[in-house]
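Visitor: Here it is, the structure, as structure tokens.
What follows is calculated from the coordinates using simple rules that are stated; it is not laboratory data. Here the structure is a predicted model, which means the values were calculated and not measured. Quick reminder, even Gly has a Cβ in these numbers, built from the backbone with ideal geometry, and neighbours come from all protein chains shown.
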Amino acid sequence: MNSGLYAEVQERDVSRWRGVGLGLLATAVGLAVAELVVGLFRGSSSPVVPVGQEFIDYTPKWLKDWAIEQFGTSDKAVLVAGALIVIFVLGAVIGILAVKGSTGLAYGLTGAIGLIGAWAVFIRPSPTLGKLMPTLVGTVVSLAVLWWLSPRQGPVDEETGRPTIMGPDRRQFVQGAVGIGSVAAMAGGVGRLMQRRFEIDSERADIVLPDVESEDAGGGGSGSEDEYSLGVEGIESFIVPNDNFYRIDTALVVPQVAKDTWKLSISGLVDNELELTFDDLLARPQMERQITLSCVSNPVGGELVGNALWQGVSLADILNEAGLQEGAEQVVSRSVDDWTCGSPTDVIMDGRDAMLAIAMNGEPLPAQHGYPVRIVVPGLFGYVSATKWVTDIRLTRWEDFDAYWVPRGWSKLGPVKTMARIDTPRSGANRSGEVPIGGVAWAVHRGVSSVQVRIDGAGDWLEAELGGVPSNDTWVQWVYRWDTAGVEPGRHIVEVRAIDGEGVPQVEEPKAVAPDGAQGYHRIALDVE
Ligand SMILES: Nc1nc2c(c(=O)[nH]1)N[C@H]1C(S)=C(S)[C@@H](COP(=O)(O)O)O[C@H]1N2
Ligand SMILES: [Mo]
């Protein structure tokens, strides 16, 4: 009987710290073994990330906003860390219960946590029983460690008439813990290494990109940096290298989609449903365009924007082949991890270079930017156009579907707003003499006709010099060389605005990023010496 065990154990007075140690160990071993199982079976899933993902889906918006503010785009790492901390704290509590004799409760709680993990894995897109394996095996191993290293009730001692207590003494406990701990660390490490087998880096390196017909190349120019750059130090490079390109998505682990398993289906309000493979895309005429991509959550002066050279096939051509029907107002695209996005059909079909992109800056898409295929539409914010790991396109009416961010408070339509950013000098810098003030400006698809600078909110707007552009679909570098001779020493405020290709100036009135993108002028403080 457990209560007997409980009483006996109370008398023995095992240290609570042994319980904490046992609990952390059992938790770590369970998680490590789960990693090993993930490494053994393609398509299985560790429970940690889905539990973190549940956190994301159930965290209230204010908490999410706070986390993004505090941790920027590393908020995912924070959520995984949060999930791990919760799991380990619970593990420690369970360990204390176990060494104090409440073993039944300890086993029950462990099982319950395992079930919660399994549940989190199972409600992710495309659940299979195989996916649950790491969680189930990990839970069982965790239970076994708990059982082995905690006191158990043995047979009744004939002399005293009381049950004996089995289980490790102090030395055995330490030895067992060290032994199990090392084996688990190895299992976890090996599992991690083996998981690399499922990553797409090696197949990606073997892809030979098809040629682009010369008239379709370079986004209207050779695509080289020098052609468009002003050469001013401190301004973001005209073409942002893949490794520096901002990344935004809801995926806690980067989806690894093998190109040969990839398919894109086109359905909904179309005459002919289509299904395209990666090879089908490679066989189609290729286009190459520089397009500036930006995020609706980019604050004024922020860095969630970048320009790259994209290669791919025309999305409008494919939709024409499918044959758009009456009412096909919205292009709903879906990624392999079930993120969704709704774009206006008329924008994709209006002649702009909307594409199914397979390459970024001359190489196959990096996994984190959507390998093997993503959508890019010049002039729309990423959340309403730029689906990465896209596997499904469905034509619907606007009222028939709200994509991922819409019920979360973001606008259904997301045209990119006109914006100018100061990259150099940094706010708070000390300068004298001639000061190059410069940065980038964009009004994607409308183009930028001029960029202007104003000092101390007074006087005229001063015309900046612009760099080159291959088309209206990219940002432009700008510089204003401010001669500070004769300027009163001390702090001055510099602000900038862009005017789009239709002559419409950037809006001055500041506005938050939600629901449809930030507004207002970027300003810096500059100390003139
Ligand atoms: N599958 C998927 N695609 C996605 C997203 C996402 O969460 N999941 N986020 C979108 C958003 S909000 C932006 S701004 C762009 C960012 O693309 P990047 O990470 O390549 O810069 O991707 C878009 N495509
Ligand atoms: Mo975004």
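Visitor: Restricting to Cα pairs below 8 Å that are 6+ residues apart, what does the relative contact order work out to for the range 419-528? Please round to a whole percent.
Guide: 34
Visitor: Can you pull the Kirkwood radius for the range 364-424, inverse mean 1/r over Cα pairs, to one decimal in Å?
Guide: On the way: mean 1/r = 0.0733 Å⁻¹.
After inverting the mean inverse Cα-Cα distance, the result is 13.6 Å.
Visitor: Using each residue's phi in the range 470-475, evaluate 6.51 cos²θ - 1.76 cosθ + 1.60 at θ = phi - 60° and report the 3J(HN,Hα) Karplus result to the nearest Hz, with x for Gly and Pro.
Guide: So the J values, rounded to whole Hz, are x, 6, 6, 8, 10, 6.
Visitor: How would you order 100-109, 280-289 from highest to lowest mean count of nearby Cβ atoms within 10 Å?
Guide: Order by mean packing, descending: 100-109, 280-289.
Visitor: Okay, helix-only estimate at 222 nm for the chain: each DSSP H run of n ≥ 4 adds -39500 (n - 2.57), divide by all residues, round to 500 deg cm²/dmol; what do you get?
Guide: -10500 deg cm²/dmol
Visitor: Please list, in order, the residues from the range 116-153 whose amide nitrogen is less than 19 Å from a point placed 7 Å along the Cα→Cβ vector of residue 15.
Guide: Only 149-151 pass the distance filter.
Visitor: Please report how far the C-alpha centroid of the range 103-134 lies from that of the range 454-525, rounded to the nearest whole angstrom.
Guide: Rounded to whole Å, the Cα centres lie 53 Å apart.
Visitor: If you don't mind, there's one more thing I want to ask. Relative contact order for the chain: what percent, with Cα pairs under 8 Å and sequence separation of 6 or more?
Guide: Taking the mean separation of contacting Cα pairs over the length of the chain, I get 13 percent.
Visitor: Also: Where Rh is the Kirkwood radius over the Cα pairs of the range 3-198, the temperature 20 °C and the viscosity 1.002 mPa s, what D in µm²/s does Stokes-Einstein return?
Guide: Details: Rh = 18.0 Å.
In µm²/s, the coefficient is 119.
Visitor: Of 259/417; 64/263; 263/412; 131/263, which pairs sit farther than 29 Å apart, going by alpha carbon to alpha carbon? Don't jump to the answer; show the numbers that get you there.
Guide: On the way: 259/417 34 Å; 64/263 33 Å; 263/412 27 Å; 131/263 21 Å.
Flagged as over cut-off: 259/417; 64/263.
Visitor: Would you pull out the residues with amide H under 5 Å of residue 431's amide H, same chain only if 5 or more places away, H placed 1.01 Å from N?
Guide: When sequence neighbours closer than 5 places are left aside, the close amide H contacts are 527, 528, 529.
Visitor: Working out 0.36 nm times the residue gap between residue 233 and residue 186, then minus their Cα-Cα distance, what length gain in nm do you get to one decimal?
Guide: On the way: separation 47, 0.36 × 47 = 16.92 nm, distance 4.77 nm.
Computed gain between residue 233 and residue 186 is 12.2 nm.
Visitor: Consider a paramagnetic label point 7 Å from the Cα of residue 491 along Cα→Cβ; state which residues of the range 430-462 have an amide N under 17 Å from it.
Guide: Only 430-431, 455-458 fall inside the zone, counting backbone N under 17 Å.
Visitor: Determine, for each peptide in 423-433, 395-405, the mean count of other beta carbons within 10 angstrom over its residues, then list the peptides with the highest first.
Guide: 395-405, 423-433
Visitor: Measuring from a point 7 Å past the Cα of residue 58 along Cα-to-C-beta, which residues in the range 84-105 have an amide N at less than 16 Å?
Guide: 84-88, 90
Visitor: Over the range 214-400, what is the mean sequence separation of C-alpha contacts under 8 Å (at least six apart), divided by residue count, expressed as relative contact order in percent? Spell out each step's value before the answer.
Guide: Values: 360 pairs, mean separation 48.5, N = 187.
Taking the mean separation of contacting Cα pairs over the length of the range 214-400, I get 26 percent.
Visitor: Additional query: Could you work out how far apart the two model spin labels at residue 247 and residue 199 are, taking each label as a point 7 Å from the Cα in the direction of the beta carbon, and quote it in nm?
Guide: Distance between the two pseudo-spin positions: 1.0 nm.
Visitor: Another question about this same structure. Dipole magnitude of the chain about its Cα centre, charges +1 at Lys/Arg Cβ and -1 at Asp/Glu Cβ only, in debye to the nearest 20?
Guide: For this selection, approximately 2760 debye.
Visitor: So how far, in whole Å, is the C-alpha centre of the range 333-388 from the one of the range 244-298?
Guide: 5
Visitor: Along each of its three principal axes, how wide is the spread of alpha-carbon positions in the range 419-528, in whole angstrom units, largest first?
Guide: For the range 419-528, the Cα extents along the three principal axes come out at 40, 31, 23 Å.
Visitor: Please sort through the DSSP H helices of the chain and keep those with an alpha-carbon extent of at least 27 Å along the long axis and a Kyte-Doolittle average not below 0.5. The partial results should precede the final answer.
Guide: Details: long enough: 16-40 (36 Å, 1.40); 75-99 (36 Å, 2.46); 103-122 (28 Å, 1.45); 129-149 (30 Å, 1.57); 170-195 (37 Å, 0.45).
Going by DSSP H runs, the hits are 16-40, 75-99, 103-122, 129-149.
Visitor: Also, quick follow-up: Which of the peptides 377-384, 240-247, 514-521 is most tightly packed, and how do the rest follow, going by the mean number of other Cβ atoms within 10 Å of each residue?
Guide: Packing proxy ranking, top to bottom: 377-384, 514-521, 240-247.
Visitor: Translational diffusion coefficient, Stokes-Einstein: compute it for the chain using the Kirkwood radius over C-alpha pairs as Rh, at 20 °C and 1.002 mPa s, and state it as an integer in µm² s⁻¹.
Guide: The diffusion coefficient I find is 81 µm²/s.
Visitor: Find the centroid of the Cα atoms in the range 135-203 and in the range 397-431, then give the distance between the two in whole Å.
Guide: 50
Visitor: With each label point set 7 Å from Cα along the Cα-Cβ vector, what nm distance links residue 159 and residue 147?
Guide: The two pseudo-label positions are separated by 3.1 nm.
Visitor: Oh, and also: Let's see if you can work this out: charge +1 on each Lys and Arg Cβ, -1 on each Asp and Glu Cβ, no other charges. What is the dipole magnitude of the range 419-528 about its Cα centre, in debye to the nearest 20?
Guide: 280
Visitor: Rounded to whole Hz and in sequence order, give me ³J(HN,Hα) for the range 363-369 from the Karplus expression 6.51 cos²θ - 1.76 cosθ + 1.60, θ = phi - 60°, writing x for Gly and Pro.
Guide: Those phi angles translate into 10, x, 3, x, 3, 6, 9 Hz.
Visitor: How big is the dipole moment of the range 386-463 about its Cα centre under a simple scheme where the beta carbon of each Lys and Arg is +1, that of each Asp and Glu is -1, and everything else is neutral? Debye, nearest 20, please.
Guide: Roughly 240 debye for the range 386-463.
Visitor: Still on this model: Residue farthest toward the positive end of the dipole of the range 255-377, with Cβ of Lys/Arg at +1 and Asp/Glu at -1: which of 261, 325, 291?
Guide: Value: 291.
Visitor: Hey, if you put +1 on the Cβ of every Lys and Arg and -1 on every Asp and Glu Cβ in the range 419-528, which of 507, 425, 440 ends up farthest toward the positive end of that dipole?
Guide: The residue sitting farthest along the positive end of the dipole is 425.
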